[in-house]
1. Does region 134-149 include one or more residues that are part of a helix (DSSP H, G or I), in contact with a strand residue (DSSP E or B) (Cβ under 8 Å, 6 or more places away or on another chain) and more than 16 Å from ligand 2 (Cβ to nearest atom)?
2. Which one is farthest from SER283 (Cα to Cα), of the residues in region 31-79 that are of a type in the set (Asp, Glu) and under 19 Å from the mean Cα position of the chain (by Cα)?
3. Given the criterion near ligand 1 (Cβ under 10 Å from one of its atoms) and either surrounded by 24 or more Cβ atoms within 10 Å (Cβ to Cβ) or at pLDDT below 95 (or both), identify the matching residue among VAL285, VAL326.
4. Looking for whichever is more than 15 Å from THR113 (Cα to Cα), of a type in the set (A, V, I, L, M), more than 16 Å from ligand 2 (Cβ to nearest atom) and modelled with pLDDT of 95 or more here; the options are ILE348, ILE309. Which one fits?
5. Every residue in region 11-33 that is within 19 Å of LEU92 (Cα to Cα), polar (S, T, N, Q) and part of a loop (DSSP other than H, G, I, E, B), please.
6. Can LYS110 be described as of a type in the set (Lys, Arg) and either within 16 Å of ligand 1 (Cβ to nearest atom) or crowded, with 24+ Cβ neighbours inside 10 Å (or both)?
7. Any residue in region 327-344 that is farther than 16 Å from THR113 by Cα and among the charged types (D, E, K, R) sitting within a Cβ distance under 7 Å of a residue that is within 13 Å of ligand 1 (Cβ to nearest atom) and in a helix (DSSP H, G or I)? List the pairs, counting only those 6 or more apart or interchain.
8. Picking from ASP52, ASP66, which residue would you name as being touching a residue at least 60 places away in the same chain (Cβ under 8 Å), assigned to a loop (DSSP other than H, G, I, E, B) and charged (D, E, K, R)?
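The values are calculated or read from the model by the stated rules, or taken from the named source; none is laboratory data. Every value quoted in this text rests on a predicted model; they were computed, and no experiment measured them. Backbone-built Cβ (ideal geometry, glycine too); neighbour counts: all protein chains shown.
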Amino acid sequence: MKTFVKYTPQKFDECVNLHEVEQLAINKLTDNSLSYYYSGAGDEETLKENKDAFRRIHLNPRVLVDVSHIDTSCNILGQKISMPICIAPSALHKLASEKGENDTASAAHKLNTLMILSTLSSVKLEDVAESNKTGLRWFQLYVLKDREFTANIIKRAQKSGFKAIVLTVDAPILGSRERDQRVKFSLPKEISYENLTQTVLDSKQITQEEIKHSSSQIFNLFLDKMDPSLNWEVIKWIRSITTLPLILKGVHRADDAVLAAEMGVNGIIVSNHGGRQLDTVLSGVELLIPIAQALKKYRNIEIYVDGGIRRGTDVFKCLALGAKAVFLGRPILYGLACEGENGVRRVIEIIYKELVICMKLCGCRKVSEIGRDMVILKRTKF
Ligand code: FNR
Ligand code: LAC
């Protein structure tokens, strides 16, 4: 009898799903880059849960609906994009491709979807703006201890045409990632955090003695430069600097989501940071359920989600559970590692096509038809 072996593609254009793209990228990336991209915190329980949770959510298709025409477009903070699948912010795209974030931005532009650029990008935000002039871009913000420098970076983002500020709120310190510690993650000398100036990077805020306990360069950067005293006051501070809409990324709890809505925040990304921060928190999609419920009466705040989304059916389930759009993290980096701009495009196209098939098979012709009734949560007790 033939043994059925797990298929690992040899070439990028042979990949039929995002798992295969990941396999191929794993073979291409250096240990240093792969450890950083792949890693989750602690025992990587949440990293695993982010994907596993989708298996406990079942689809509930409607039949006999005319699905000859499908419209996947959606409106995000009033701007129309072609699909509810967007690019999450992630640091250091040059670890995967020579042009780094410029490749990612061009792919997003060509597919007419939204990209969020990280504060810790390896291409300067002004250059990314140049390579994707008219596409929808948001800027992810890490607040540095140096507030003047942070204020300036917000102004630079607004001036360069980024349409919203995405404040990451789940990282007063970087999670403990053992893969990074094992390889002693460091930046290759030709790559740097291009939005941070040398003066900011050079001025040590804490002593060498304090940072010695971790051997990951980016963990130490957080300890040294990022502001761990951040609290809800920061919203007022950001509002005093920019008129751009504000989104909080990394909200886990319904009461925090309600507080954000009451403070006039424009959107939240329900996220556990791809399982990279606090291990053993719930998966992204499971965090979404009570948050969507709690925000029902608030009309002025949009909900998005990320974490472990690898299939069109995963996207569909998130939309059914109350998200307006979803974000992809690692799959983008893996596509980038395989084939630069083309790789990112293909990753998004693969999952997009799966979403279209799922919508047709579920009898949903447009995104707004993907309601809560389209999914059933697996019962653990009978
Ligand atoms: C991230 N993420 C992240 N988030 C953020 O707000 N700012 C950042 O700079 C980064 N950097 C970063 C680097 C890498 C290598 C990864 C994998 C992730 C988190 C990211 O935005 C997102 O929340 C998760 O990646 C989503 O989970 P998946 O899709 O990777 O499972
Ligand atoms: C990370 C940070 C940079 O997850 O957000 O590595």
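1. Scanning region 134-149, I find no residue that is part of a helix (DSSP H, G or I), in contact with a strand residue (DSSP E or B) (Cβ under 8 Å, 6 or more places away or on another chain) and more than 16 Å from ligand 2 (Cβ to nearest atom), so the answer is no.
2. Restricting to residues being of a type in the set (Asp, Glu) and under 19 Å from the mean Cα position of the chain (by Cα), the top hit is GLU44.
3. Just a single option satisfies the conditions, and that option is VAL326.
4. Testing whether each residue is more than 15 Å from THR113 (Cα to Cα), of a type in the set (A, V, I, L, M), more than 16 Å from ligand 2 (Cβ to nearest atom) and modelled with pLDDT of 95 or more leaves just ILE309.
5. Scanning region 11-33 gives a single hit, THR30.
6. No.
7. ARG330/TYR37; ARG330/GLY274
8. Criteria check complete, one pass: ASP66.
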